[in-house]
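One structure is given below, encoded as structure tokens.
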Amino acid sequence: MSSDPHHVLKAWIAAILWLIVIAIESTAYLSAHNTSRILYPLLHYLFALDWDRFEQWHFFIRKGGHIFGYGLLSFLLFRAWRETLPVLSGARWTFRWANIAVLGTTLVASLDEWHQSYIPSRTGSPWDVLLDTCAGIGVQILIFLCRARL
């Protein structure tokens, strides 16, 4: 365990809270139809987007949400595992922490898409799992590069 159990608890609480956010986003309330009812009037007012142009933007906004959400999950899982499984060398990055974080991100993404496949207003897509996993890997590469520079 980490030398300070308080740090371990804080790291896991942050990851668990973000998992709750992902679970809420997986519901029918945040389906594409419902988010478009909020975003279209806003973007139409701000940028005079017509419906056809909005649909293109809406797609990218939603996929950007996947990248942000699962990238952040990967970061939070890395942080939690770093606090839970410290190494004697005092390393700031290990493949073990990164690997567990990416595997956790992929597992959550898979479960999320599986859950969405049972909701009539949502669709579960293996392509979204791939996108989410790539976001997790990308964040781990960024963490590695940042830690290597310090």
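The values are calculated or read from the model by the stated rules, or taken from the named source; none is laboratory data. None of these values were measured; they are calculated from a predicted model. Using ideal geometry, Cβ is built from the backbone for each residue, glycine included, and neighbour counts are taken over all protein chains shown. Only protein heavy atoms, including side chains, enter the accessible area calculation; ligands, DNA and RNA are left aside. Shrake-Rupley method; radii C 1.70, N 1.55, O 1.52, S 1.80 Å.
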Just the residues that are polar (S, T, N, Q) and modelled with pLDDT of 90 or more, please, taken from the stretch 1-26. S26
Looking at the stretch 90-97, can you tell me whether even one residue there is within 29 Å of D4 (Cα to Cα), in contact (Cβ under 8 Å) with a residue 40 or more places away in the chain and surrounded by 14 or more Cβ atoms within 10 Å (Cβ to Cβ)? yes
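Only residues that are touching a Phe, Trp or Tyr at 6+ places or on another chain (Cβ under 8 Å) and either assigned to a loop (DSSP other than H, G, I, E, B) or open to solvent by less than 100 Å² (accessible area, probe 1.4 Å) (or both): list them for the stretch 23-53, please.
Once the filter is applied, which keeps residues that are touching a Phe, Trp or Tyr at 6+ places or on another chain (Cβ under 8 Å) and either assigned to a loop (DSSP other than H, G, I, E, B) or open to solvent by less than 100 Å² (accessible area, probe 1.4 Å) (or both), the stretch 23-53 yields S36, L39, Y40, L43, H44, L49.
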Looking across the stretch 112-133 at residues that are in contact (Cβ under 8 Å) with a residue 40 or more places away in the chain and part of a helix (DSSP H, G or I), the single one that is surrounded by the fewest Cβ atoms within 10 Å (Cβ to Cβ) is H115
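From A109, A101, A80, which residue is open to solvent by less than 40 Å² (accessible area, probe 1.4 Å), within 20 Å of the chain's Cα centre (by Cα) and within 28 Å of L42 (Cβ to Cβ)? Break it down into steps so the answer makes sense when it comes.
Values: A101 fails: within 28 Å of L42 (Cβ to Cβ); A80 fails: within 28 Å of L42 (Cβ to Cβ).
Only one candidate passes the filter, namely A109.
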